[in-house]
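Asks: First the structure, which I've put down as structure tokens, then a few questions once you've had a look.
The values are calculated or read from the model by the stated rules, or taken from the named source; none is laboratory data. Since this is a predicted model, take the numbers as computed values, not measurements. Backbone-built Cβ (ideal geometry, glycine too); neighbour counts: all protein chains shown. Side chains are part of the model used for accessible areas, which takes the heavy atoms of the whole protein and leaves out ligands, DNA and RNA. Shrake-Rupley method; radii C 1.70, N 1.55, O 1.52, S 1.80 Å.
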Amino acid sequence: MINPAHKKHAPATARNQAPILDVLKECLPDHGTILEIASGTGQHAPYFIAQLPGHYWQPSDPDKDNRNSISAWWWEKQFKNILPPLNISTDDDPWSVESQDLPLAITAIVCINMVHISPWTSTIGLFKGAARILPPKGILYLYGPYKIDGVHTAPSNELFDISLRDRNPEWGIRDLTEVQKLARDHGFSCVKTVDMPANNLSVIFKKD
Ligand SMILES: C[S@@+](CC[C@H](N)C(=O)[O-])C[C@H]1O[C@@H](n2cnc3c(N)ncnc32)[C@H](O)[C@@H]1O
């Protein structure tokens, strides 16, 4: 049962959606289902899909309250090309989407602000799942803060990293080189990084 009152708002999500959409328009395949991992509030889905014709958007999150919020955001515009949210944790194997009948095959996976707010094993699970699901040339899009060669790109990111590790010692801002190595180990090449507002990066991987 969808309850519009379950809608959650994340100010940072509203702030980053326009610059992220600009990059997605450049890097996503022309058509297909886009699987969103860690959709959170779900407010990105209607914003993005309104400007990505030819695509379906499959949101997901392991948290039930977040899935309720994703449905509540869907309710407002009721876009037919946003699919009901799935319960997916990247720690799962397989992911629930692998047994779903989708209107179009998945050609891209989008994961915004999860890699630093989850244990490293969840990022490993992300690449493992992406390797299983994406076709050759499929796109894996990551967004968030990263260290470059072991160094934070801004003092604010260093403070954020400390606060993340205080909340959970397994969380923290990852080094881009380590993520790129993990990607190579799973058959992905990093095709582009884009500097984003507030010291974040878009990191775009393509399956070999
Ligand atoms: C900071 S929020 C980002 C949400 C959304 N992408 C955004 O930008 O607003 C982090 C999200 O990651 C999800 N998450 C944490 N660990 C996860 C995992 N292993 N697999 C999938 N999602 C996970 C949480 O439930 C939460 O919704």
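Asks: Evaluate the stretch 104-119: report whether one residue or more is closer than 19 Å to GLY187 by Cα, in contact (Cβ under 8 Å) with a residue 12 or more places away in the chain, more than 16 Å from the ligand (Cβ to nearest atom) and open to solvent by 10 Å² or more (accessible area, probe 1.4 Å).
Replies: yes
Asks: If you don't mind, another one. Of the numbered conditions (1) under 20 Å from ASN16 (Cα atoms); (2) in a loop (DSSP other than H, G, I, E, B), LEU102 fails exactly one; give the number of that condition.
Replies: The single condition LEU102 does not satisfy is (1).
Asks: Within the stretch 17-24, can one find any residue that is part of a strand (DSSP E or B) and either more than 27 Å from PRO119 (Cα to Cα) or without any contact (Cβ under 8 Å) to a residue 60 or more places away in the chain (or both)?
Replies: No, the conditions are met nowhere in the stretch 17-24.
Asks: Please verify whether the stretch 174-191 includes one or more residues that are over 22 Å from LYS137 (Cα atoms) and not in a loop (DSSP other than H, G, I, E, B).
Replies: Yes.
Asks: Within the stretch 130-145, count every residue that is free of Cβ contacts under 8 Å to residues at least 60 places away in the same chain and open to solvent by less than 10 Å² (accessible area, probe 1.4 Å).
Replies: Result for the stretch 130-145: 2.
Asks: Residues in the stretch 160-172: is at least one within 18 Å of the chain's Cα centre (by Cα) and on the phi < 0 side of the Ramachandran plot?
Replies: Yes, that holds for at least one residue.
Asks: Something else: What do you reckon, is PRO19 at pLDDT below 95, within 13 Å of the ligand (Cβ to nearest atom) and of a type outside the set (Asp, Glu)?
Replies: Spelling it out, it is not the case that PRO19 is at pLDDT below 95, within 13 Å of the ligand (Cβ to nearest atom) and of a type outside the set (Asp, Glu).
Asks: Identify all residues within the stretch 26-48 that are part of a helix (DSSP H, G or I) and in contact with a helix residue (DSSP H, G or I) (Cβ under 9 Å, 6 or more places away or on another chain); write none if there are none.
Replies: If the condition is that a residue be part of a helix (DSSP H, G or I) and in contact with a helix residue (DSSP H, G or I) (Cβ under 9 Å, 6 or more places away or on another chain), then HIS44, ALA45, PRO46, TYR47, PHE48 are the ones that fit.
Asks: If you check THR41, THR90, which single one turns out to be within 16 Å of the ligand (Cβ to nearest atom), without any contact (Cβ under 8 Å) to a residue 60 or more places away in the chain, under 20 Å from LYS206 (Cβ atoms) and among the hydroxyl-bearing types (Ser, Thr, Tyr)?
Replies: Matching residue, one of THR41, THR90: THR90.
Asks: Also: Specify the residue that is farthest from the chain's Cα centre (by Cα); the eligible residues are those in the stretch 51-74 that are away from the ligand (no atom under 16 Å from the Cβ), modelled with pLDDT of 95 or more and open to solvent by 60 Å² or more (accessible area, probe 1.4 Å).
Replies: Step by step, filter the stretch 51-74, then rank; the result is GLN51.
Asks: Tell me which of these SER156 doesn't satisfy, since it passes every other one: (1) within 21 Å of ASP30 (Cβ to Cβ); (2) open to solvent by 30 Å² or more (accessible area, probe 1.4 Å).
Replies: Against the list (1) within 21 Å of ASP30 (Cβ to Cβ); (2) open to solvent by 30 Å² or more (accessible area, probe 1.4 Å), SER156 comes up short only on (1).
Asks: Please specify each residue of the stretch 18-38 satisfying the condition of being open to solvent by less than 10 Å² (accessible area, probe 1.4 Å) and either farther than 22 Å from THR90 by Cα or not charged (D, E, K, R) (or both).
Replies: Matches in the stretch 18-38: ILE20, LEU21, LEU24, GLY32, THR33, ILE34, LEU35, ILE37.
Asks: Regarding the stretch 3-15, can at least one residue be identified that is within 12 Å of the ligand (Cβ to nearest atom), farther than 18 Å from LEU134 by Cβ and crowded, with 21+ Cβ neighbours inside 10 Å?
Replies: Looking through the stretch 3-15, none of the residues is within 12 Å of the ligand (Cβ to nearest atom), farther than 18 Å from LEU134 by Cβ and crowded, with 21+ Cβ neighbours inside 10 Å.
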